[in-house]
Amino acid sequence: MTAAPLFSPIVSVLVTAYNREAYMAEALESVLAQTMTDFELIVSDDCSTDGTVRIVGEYARRDPRIRLSVNPRNLGDYGNRRQAATLARGRFLKYHDSDDVMYPHCLAVMIEALLKEPAAAFALSASHSWPGGPCPMLLTPRLAYEREFLGSGLFQLGPASALFRIDEFRALGGFPLEGVASDYLFWVAACATVNILLVPGDLFHYRIHPGQEVANPANALPYAQAAGAAWRMLNSPECPLTGESLERAKRNFAFTQARAVYRFLKHRRFQSALAIVRYAGPGPGDWIRYVRPPQRNVAAGTPPSPSKVQA
């Protein structure tokens with residue numbers, strides 16, 4: 001690993017990598033092109049066997065804000081993310097995937113919004129505008145859960161969608177080591193306890209390609225197990241939803257899982273369908289009680305106005 005910088009930046013940008021030589025240069029260039037320049041860029045390589053380390057090393061020799069760390073053994077995706085977070089020195093932490101591209105205003109927009117809203121633990125962007133109102137929008141746990149289970153969704157976002165206050169991120173425990181669905185599990189737990197800030201969308205380009213873990217059919221099991229964690233939260237006293245909102249959330253959840261079972265069966269992915277039935281949470285009585293046509297409203301989870309927080 002190269003020597004740590006002497007300065008304490010506003011934000012630590014964390015790039016985790018494994019065999020990403022095809023995309024790494026573009027990913028790094030997009031960070032270096034940010035209009036907000038007070039950052040450190042930490043690349044944590046997970047034992048790549050291609051030219052990833054060489055490419056990062058060339059950039060690190062040219063820019064002292066870049067640090068390269070190479071793991072002594074392969075930690076896996078979220079193990080590497082956790083390792084990278086231990087190296088961060090900034091007030092804020094931003095993951096940037098090694099196959100994505102930040103637009104030049106990304107850090108400036110997210111940091112300015114989060115600085116102005118001290119009640120939020122982290123900010124979230126997406127590849128689209130947020131339904132329901134203008135950004136920024138401060139969401140309490142109840143509003144976050146309404147948006148996920150009664151509205152257009154929230155917990156599908158990846159780690160690179162967030163800008164974290166580093167102290168809050170560490171207090172929340174960081175991303176768990178539960179495989180490909182670790183980000184979903186983090187949102188389920190974190191959004192039940194802290195306020196979050198929705199900031200404008202389309203701040204980075206999310207690249208879709210065959211090498212992504214999310215496209216691997218073998219991941220049906222961890223996704224089903226993560227759905228089970230969400231179902232347990234919906235049935236926990238810690239769930240921010242109550243009353244009819246909670247009942248409707250359970251119906252929407254059960255319908256989503258039942259629809260996934262149907263689609264897997266249609267494509268003859270029987271093991272994937274069985275994983276949902278076994279691990280997604282609802283028991284036989286729950287399926288009968290809750291599988292109903294969904295009732296969603298795209299404006300669900302929207303504060304009454306940008307200046308107020310609905311308790």
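The values are calculated or read from the model by the stated rules, or taken from the named source; none is laboratory data. Note that the structure is predicted; figures quoted are calculated from it, not measured. We place every Cβ from the backbone using ideal geometry, glycine too, and count neighbours over all the protein chains shown. Just so you know, the surface numbers come from the protein's heavy atoms only, side chains and all, with ligands and any DNA or RNA stripped out. Shrake-Rupley method; radii C 1.70, N 1.55, O 1.52, S 1.80 Å.
General observations
- Residue count, the stretch 38-59 (criterion: of a type in the set (A, V, I, L, M, F, W, C) and assigned to a helix (DSSP H, G or I)): 3
- P282 falls short of the stated requirement of being surrounded by fewer than 19 Cβ atoms within 10 Å (Cβ to Cβ), touching a helix residue (DSSP H, G or I) at 6+ places or on another chain (Cβ under 9 Å) and part of a loop (DSSP other than H, G, I, E, B).
- Residue check, S30 open to solvent by less than 30 Å² (accessible area, probe 1.4 Å), in a helix (DSSP H, G or I), touching a residue at least 12 places away in the same chain (Cβ under 8 Å) and farther than 11 Å from V15 by Cα: yes
- The single condition among (1) more than 30 Å from A27 (Cα to Cα); (2) open to solvent by 20 Å² or more (accessible area, probe 1.4 Å); (3) free of Cβ contacts under 8 Å to residues at least 40 places away in the same chain that A254 does not meet is (2).
- Restricting attention to the stretch 76-94, the residues that are open to solvent by 60 Å² or more (accessible area, probe 1.4 Å), in a loop (DSSP other than H, G, I, E, B) and touching a helix residue (DSSP H, G or I) at 6+ places or on another chain (Cβ under 7 Å) add up to 1.
- Pair list, Cβ under 8 Å, 6 or more apart: the stretch 67-86 residue on the phi > 0 side of the Ramachandran plot, other residue modelled with pLDDT of 95 or more: G76/D46; G76/L177
- Within the stretch 148-184, the set of residues being aliphatic (A, V, I, L, M) and open to solvent by 40 Å² or more (accessible area, probe 1.4 Å) comprises A171, L172, L177.
- Selection status of E247, in a helix (DSSP H, G or I) and surrounded by fewer than 20 Cβ atoms within 10 Å (Cβ to Cβ): yes
- Screening the candidates R232, R289, R259 for the property of being within 21 Å of the chain's Cα centre (by Cα), open to solvent by 80 Å² or more (accessible area, probe 1.4 Å) and at pLDDT 95 or above yields one hit, R232.
A quick yes/no check of all residues on (1) more than 22 Å from L163 (Cβ to Cβ); (2) of a type in the set (A, V, I, L, M); (3) modelled with pLDDT under 95:
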| residue | (1), (2), (3) |
| --- | --- |
| S44 | no, no, no |
| R62 | yes, no, no |
| P72 | yes, no, no |
| R91 | no, no, no |
| H96 | no, no, no |
| Y103 | no, no, no |
| A113 | no, yes, no |
